[in-house]
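This report concerns only the one structure given below.
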Amino acid sequence: MKKRKSLDESSDSTDTSNVQPSNTENKIVPWIVFLFSIGIVLISFVSVMFPSLILVSDTVKIPGIEPVTPDPFETGVWSGGVIAAGFITLGLAFLYFRQKLPGFLVSIFTRLFFFEVSKKTAFIVMAVLLAIYLSASSVELSSQEIFEDYSGVKNRLENWSVDTITSFEPHVNYFLLKSSIVLFGNDRVIPLLASAALLVVTYFLTKTITQKRFAGIVAVVILMQSNVFLVYDTTVSYTNFWILFYLLSLYLVYRFWPLSPVSYLLSIPSKALTAAFLPMSIYFILRSSISRRQKMITVGITAGIILAGGLASLGGVSATQGTEEEFDAKEFWMGFTSFSYQVRFDGLVVLFMVPLMVGLFLVSKRGVKHGESIMVLISGMLLIAPILTGFTNQTNQPYRFVPLVVFFAIGVGVLLSRRQA
């Protein structure tokens, strides 16, 4: 008991409520969240292991070539790595918690879990990381946008002004892109700055919910190396404004909760898809360490604004914009395949997603509240893809998986939470 007390006393006093008390509810909730989340993840990984299994009924037809039906059990290029990474990481975790690991490995894990850096060191490291990122990405500012949607966005910006806001469109995007043109003479500067801000918010949110600056740095490094993030960080067609505002809304739950709904509201006219994040936001708020009164007010205002805004925007959405008359089961299941090919260049995410979910479950069982929240955010992002294809006429584009990579990075940081042991 003395050893446990000394560890607690040595932790920062900013927010020691990261760990929840042990009771019956807190034993059941992690299991419910884990079973739901791991179920969504495993279904998404079916196409990673067997790319044609879900699409087995589809015959590939190419003019001049005999139709071919793919082998449903042909393994994907990542299948071996996923199995190996799963066995190794989960095996090490099992041996660690069973106290069967060799002493030197236990020492390494212990140092990693309890390692922390000073505020000064964290500031210097973050400054260096941001400098590296900005210098490397700034070369893209002079390059031509390659995405087909760019011409449409460019034409819209030429005629856009505040006075033209008469229907539901991504007007926050247009405002920021127009500002980039006016201030810098380049429409890609503010998108780049927004992506840099996304790195900063990722650091502070991870640091806040884990109470470790080191965990925040780890999350930033993981996000910086992501292929999906780097492909879309300076694009005008698919900006990161929506993700930035949404992530900021989660951070503001802790730092200044009355502004959390405002930030969330700004994310919707940046990308209407964030309205579907409402259940995930509510869960995050309810599992946060603010007072019950603040939770209820924040949830009420957030839900009220989003629902009211959604109803108000219905009149401004055309009949063909993201709608479909009836549910298509085939398209729904096809939506689960999008993860396997849209994130195929993000090896870290593909290899360690399943071990991460198990790790988040373990730390949530040991009292880390937001182990559950990150599981909900990750599985929610994976579930949105089939919902879009099953219930609307929209397709799943790679840029929509940037939030998934962000939550993955934060999840790795959560594994390093200060008081998880």
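Assorted remarks:
- Label sites at Ser118 and Ser161, each approximated as a point 7 angstrom past Cα along Cα to Cβ, lie 5.5 nm apart.
- Cross-link table Lys154/Lys330; Lys120/Lys271; Lys295/Lys365, entries beyond 25 Å C-alpha to C-alpha: Lys154/Lys330; Lys120/Lys271
- Whether region 213-311 is rounded, prolate or oblate, judged on the alpha carbon gyration tensor where a/c under 1.5 counts as rounded: oblate
- Whole-angstrom gap from region 88-121 to region 384-415, using each part's C-alpha centre: 30
- Prolate/oblate/rounded call for region 133-276, Cα gyration tensor, a/c under 1.5 rounded: oblate
- Cα gyration tensor category, rounded, prolate or oblate, for region 144-192 with a/c compared to 1.5: oblate
- Between Phe327 and Phe87, the contour length at 0.36 nm per residue exceeds the alpha carbon distance by 82.6 nm.
- Pairwise centroid distance, computed over Cα atoms, of region 246-288 with region 145-164, Å: 27
- Model label points for Val231 and Ile297, set 7 angstrom from Cα along the Cα-to-Cβ axis, are 4.3 nm apart.
- Comparing Ile305, Ile222, Ile28 in a Gaussian network model of the chain (Cα springs below 10 Å), the most mobile by mean-square fluctuation is Ile28.
- Compared with the direct C-alpha span, the chain from Ser107 to Val128 gains 4.7 nm at full extension, assuming 0.36 nm per residue.
- Based on alpha-carbon atoms, the Kirkwood radius and the radius of gyration of region 75-198 give Rg/Rh equal to 1.21.
- Shown are Glu326, Glu140, whose ranking by accessible area with a 1.4 Å probe and every protein chain present, most to least, is Glu326, Glu140.
- With the whole protein complex present, Ile32 retains an accessible surface near 110 Å², based on a 1.4 Å probe.
- Split the accessible area of the chain by element, probe 1.4 Å, and carbon with sulfur accounts for 67%.
- Using the rule -39500 (n - 2.57) for each DSSP H run of four or more residues, divided by the residues of the chain, the 222 nm mean residue ellipticity is -20500 deg cm²/dmol.
- For the chain: accessible area per residue (Å², 1.4 Å): 49
- Ordered from largest to smallest accessible area (heavy atoms of protein chains, 1.4 Å probe), the residues Glu148, Glu372 come out as Glu148, Glu372.
- Residue with peak Gaussian network fluctuation, the chain [Cα springs, cutoff 10 Å], from Ile146, Ile290, Ile217: Ile146
- Listed residues Ser379, Ser281, Ser291, most fluctuating in the chain (Gaussian network, C-alpha, under 10 Å): Ser291
The values are calculated or read from the model by the stated rules, or taken from the named source; none is laboratory data. This is a predicted model, so every value here is computed, not measured. All Cβ positions, glycine included, derive from the backbone under ideal geometry; neighbour counts span all protein chains shown. Heavy atoms of the whole protein, side chains included, go into the accessibility calculation; ligands, DNA and RNA do not. Shrake-Rupley method; radii C 1.70, N 1.55, O 1.52, S 1.80 Å.
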